[in-house]
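To start, the structure itself, in C-alpha cells.
The values are calculated or read from the model by the stated rules, or taken from the named source; none is laboratory data. Note that the structure is a prediction, hence the values are computed from the model and not measured. Cβ sites come from the backbone with ideal geometry, for glycine too, and all protein chains shown count toward neighbours.
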Amino acid sequence: MSDKVKQVMSALDMLTEDTSVPRNIRKGATDAKSKLAGKDPIDVRAMGAMSILDDLANDPNIPMHGRTLIYGIMSQLEIISQSR
C-alpha cells in the first residue's frame, strides 16, 4: 500500500472518530475506507471511495470542518486515481 493511500486511510480514521460529525457521515467514511482497502485496481477503489465521499460532502448536516476534511481526502484520492 502506498504512502498516499495510508495517509488517506488515516484521514478517514480521523473522520470516523470525530464525535462532532453525524453518525451517518462517520459510517460513510468507514464505507469509503473499506472500498479503498478492497481488491480492485487502485484507480477503481479510489473512484469508488470518492463517489461515497462526494455524497457525504453534500449532506446538509455535516459540520464545516468535516466537509473540509472530506474535500481534502477527495483531492488526495483524485491524485491516487490518476497516478496509475
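Which residue is nearest to Lys4 (Cα to Cα), if the candidates are limited to the stretch 15-70 and must be outside any helix (DSSP H, G or I) and of a type in the set (Gly, Ala, Ser)?
Initial filter on the stretch 15-70 (outside any helix (DSSP H, G or I)): 18-22, 37-41, 58-63.
Narrowing further to those that are of a type in the set (Gly, Ala, Ser): 20, 37-38.
Details: Ser20: 26, Ala37: 13, Gly38: 16 Å.
Among those that are outside any helix (DSSP H, G or I) and of a type in the set (Gly, Ala, Ser), it is Ala37.
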Expected single match for at pLDDT 95 or above and either surrounded by fewer than 12 Cβ atoms within 10 Å (Cβ to Cβ) or of a type in the set (Lys, Arg) (or both) among Lys39, Lys33, Lys4 is Lys33
Filtering the stretch 42-64 for residues that are surrounded by 13 or more Cβ atoms within 10 Å (Cβ to Cβ) and over 13 Å from the mean Cα position of the chain (by Cα) leaves a count of 6
Note: among Lys27, Lys33, Lys39, just one is under 9 Å from the mean Cα position of the chain (by Cα) and at negative phi, namely Lys33
